[in-house]
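The values are calculated or read from the model by the stated rules, or taken from the named source; none is laboratory data. Keep in mind the model is a prediction, meaning the values are calculated, not measured. Methodologically, a virtual Cβ is constructed for each residue, glycine included, from the backbone with ideal geometry; neighbour enumeration extends over all protein chains shown.
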There are 2 protein chains.
Amino acid sequence: MTAPPIQLIGFDADDTLWRSQEYFDQAQAEYEAILGRYLDVQNHTVHQQLLATERRNIKLFGYGAKGMTLSMLETAIALTEHRISASDLAKVLELGKAVLEHPVELLPGMRQAVEDIALRFDTVLITKGDLFHQERKVRESGLSDLFRRIEIVSEKDLPTYTRLFEEFQIAAAQFVMIGNSLRSDIEPVVRLGGYGIHIPYSTTWALETEHGLEADHPRVRQVQQPSDIAAALAEFG
Amino acid sequence: MTAPPIQLIGFDADDTLWRSQEYFDQAQAEYEAILGRYLDVQNHTVHQQLLATERRNIKLFGYGAKGMTLSMLETAIALTEHRISASDLAKVLELGKAVLEHPVELLPGMRQAVEDIALRFDTVLITKGDLFHQERKVRESGLSDLFRRIEIVSEKDLPTYTRLFEEFQIAAAQFVMIGNSLRSDIEPVVRLGGYGIHIPYSTTWALETEHGLEADHPRVRQVQQPSDIAAALAEFG
């Protein structure tokens with residue numbers, strides 16, 4: 001008995017279709033510069049403390065720039081032992097707004113890759129984070145029409161992908177997910193029996209680097225650029 | 001030719017199925033008390049200024065408690081001309097977290113009303129706001145299994161309801177929306193040709209009170225309690 005053919009291709013959005021993490025990284029660099037007026041930030045304590053706050057708050061805030069901004073404010077107040085001025089906290093708030101306002105910049109070659117794949121397969125965009133911000137980015141990307149469905153979810157885990165397979169009435173083995181995060185895009189899909197194409201991005205958020213996927217998994221390929229996706233896909237055919 | 005029968009019933013969530021606005025109102029009362037140490041808040045300027053900030057930020061933040069918290073912080077810094085202490089801003093941040101953490105309290109009689117309707121019709125829950133917060137509330141409500149689909153959307157307007165009708169392959173005239181907001185739940189559905197059952201809540205957010213629906217619209221009923229929904233629905237049958 002041969003495996004059923006691939007039916008549906010999922011694309012991650014942030015850092016797969018368009019730039020995202022670098023805007024967060026830039027905000028955090030400017031944040032550390034602001035806190036540098038109050039603290040010795042050489043020892044990376046600020047970065048680690050912010051990450052600890054974000055990790056603690058994620059069950060309340062979920063993912064996205066608004067939650068990051070609230071966590072940045074909370075950490076700034078705590079680390080400066082309430083010494084930080086309202087003016088500097090206003091600057092931190094503006095850093096968060098700048099992340100929400102950044103224009104959508106597609107990654108080179110990605111539009112072509114999505115167009116080619118959409119001619120041959122059903123496609124779905126699956127992104128997690130802030131509903132409002134993600135919707136705006138999808139709209140501005142000009143790629144919406146290439147996807148049969150846009151799924152904005154709060155977490156990309158086993159239950160989320162399981163629900164997706166039920167909605168599309170497919171088996172996991174008929175699904176390929178393409179994305180930059182081994183943790184959110186590749187590992188859960190592969191655990192369920194599907195396929196993953198990992199396309200690394202230059203920078204990854206620390207909380208996205210934790211995963212338990214073995215190297216050289218037979219249902220995973222890594223590609224370095226969008227033009228290589230089609231060949232990787234053909235290997236799963 | 002008779003009208004096609006009602007096929008799908010939509011329920012709003014916040015202030016229709018469970019309490020919500022009063023937690024926001026309470027946070028804002030405590031917020032005004034904090035600012036009262038810096039300003040004369042007797043003349044309601046704080047409330048109006050916060051509303052102006054929220055209105056300006058809504059195109060960046062969308063709806064929900066995280067955006068409200070960021071707008072409260074921004075307004076506090078501006079109104080005090082940067083005099084507010086980091087300690088007081090930390091208290092404002094905690095007010096926002098408290099809204100996100102409040103337990104879900106179903107409105108009296110609503111579970112029974114939804115159960116009765118779910119026996120006779122397909123039902124969908126349609127709520128706007130923060131994806132992560134809304135998902136948690138839906139889960140905690142214990143009502144998820146009564147709905148065929150849970151739709152968390154960024155705005156409840158004509159395009160959103162139009163897309164819903166397409167997804168469910170129904171005409172607007174086969175849909176009834178039940179909710180507390182004339183602006184978000186009733187007016188857009190009625191404009192498209194559907195029906196609305198308005199169940200007012202004790203308190204409504206100022207930005208939700210603006211609507212253009214005429215009084216005594218023939219496809220709208222107002223009910224005062226969940227047990228009256230079934231009779232109103234029968235009038236559309």
Counted residues, segment A:62-75 - those being closer than 14 Å to A:L51 by Cβ and modelled with pLDDT of 95 or more
6
Taking segment A:194-216 on its own, how many of its residues are exposed (fewer than 15 other Cβ atoms within 10 Å of the Cβ) and over 30 Å from A:G67 (Cα atoms)?
3
Among the listed residues B:R139, B:R120, identify the single one that is within 23 Å of the chain's Cα centre (by Cα) and charged (D, E, K, R).
B:R139
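Considering segment A:46-79 alone, what residues qualify as being within 7 Å of chain B (Cβ to nearest Cβ) and not in a helix (DSSP H, G or I)? Please lay out each step first, then the result.
Looking only at segment A:46-79, we keep the residues that are within 7 Å of chain B (Cβ to nearest Cβ), and these are A:60-62, A:66-67, A:69-70, A:73-74, A:77.
If the condition is that a residue be within 7 Å of chain B (Cβ to nearest Cβ) and not in a helix (DSSP H, G or I), then A:G62 is the only one that fits.
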Are there any pairs with C-beta distances below 7 angstrom linking a residue in segment A:12-38 that is closer than 16 Å to A:L106 by Cα to a residue that is surrounded by 17 or more Cβ atoms within 10 Å (Cβ to Cβ) and of a type in the set (F, W, Y), with the two at least 6 apart or on different chains, and if so which?
A:D15/A:Y201; A:L17/A:F11; A:Q21/A:Y201; A:Q21/A:W205
Taking the conditions exactly as written (outside the structural domain of A:K156 (by TED's automatic domain parsing) and touching a residue at least 60 places away in the same chain (Cβ under 8 Å)), does A:G96 satisfy them or not?
yes
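Which of the residues spanning segment A:118-140 are of a type in the set (V, I, T), buried (at least 23 other Cβ atoms within 10 Å of the Cβ) and within 13 Å of chain B (Cβ to nearest Cβ)? Full working, then the answer.
Taking segment A:118-140 and keeping what is of a type in the set (V, I, T), we get A:123-124, A:126-127, A:138.
Subset that is buried (at least 23 other Cβ atoms within 10 Å of the Cβ): A:126-127.
A:T127 - this is the single residue of segment A:118-140 that is of a type in the set (V, I, T), buried (at least 23 other Cβ atoms within 10 Å of the Cβ) and within 13 Å of chain B (Cβ to nearest Cβ).
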How about segment B:51-66: which of its residues are in contact (Cβ under 8 Å) with a residue 24 or more places away in the chain, crowded, with 23+ Cβ neighbours inside 10 Å and in contact with a Ser or Thr (Cβ under 9 Å, 6 or more places away or on another chain)?
B:G62, B:Y63, B:K66
Conditions (1) crowded, with 16+ Cβ neighbours inside 10 Å; (2) in a helix (DSSP H, G or I); (3) over 19 Å from the mean Cα position of the chain (by Cα); number of the one not met by B:E115
(1)
Every pair of residues 6+ apart whose Cβ atoms lie under 6 Å, when the first sits in segment B:161-187 and is surrounded by 20 or more Cβ atoms within 10 Å (Cβ to Cβ) while the second is assigned to a loop (DSSP other than H, G, I, E, B) and of a type in the set (K, R):
B:S184/B:K156
Can you pull out the residues in segment A:80-94 that are at the interface with chain B (Cβ under 7 Å from one of its Cβ atoms), surrounded by fewer than 22 Cβ atoms within 10 Å (Cβ to Cβ) and part of a helix (DSSP H, G or I)?
A:A86, A:S87, A:A90, A:L93
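Does B:D25 satisfy being in contact with a helix residue (DSSP H, G or I) (Cβ under 7 Å, 6 or more places away or on another chain), more than 14 Å from chain A (Cβ to nearest Cβ) and under 20 Å from B:D130 (Cβ atoms)?
So B:D25 does not fit the description; no.
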Residue that is farthest from the other protein chains (Cβ to nearest Cβ) [pool: residues in segment A:96-112 that are outside any strand (DSSP E or B), under 26 Å from A:D157 (Cα atoms) and in contact with a strand residue (DSSP E or B) (Cβ under 7 Å, 6 or more places away or on another chain)]
A:L107
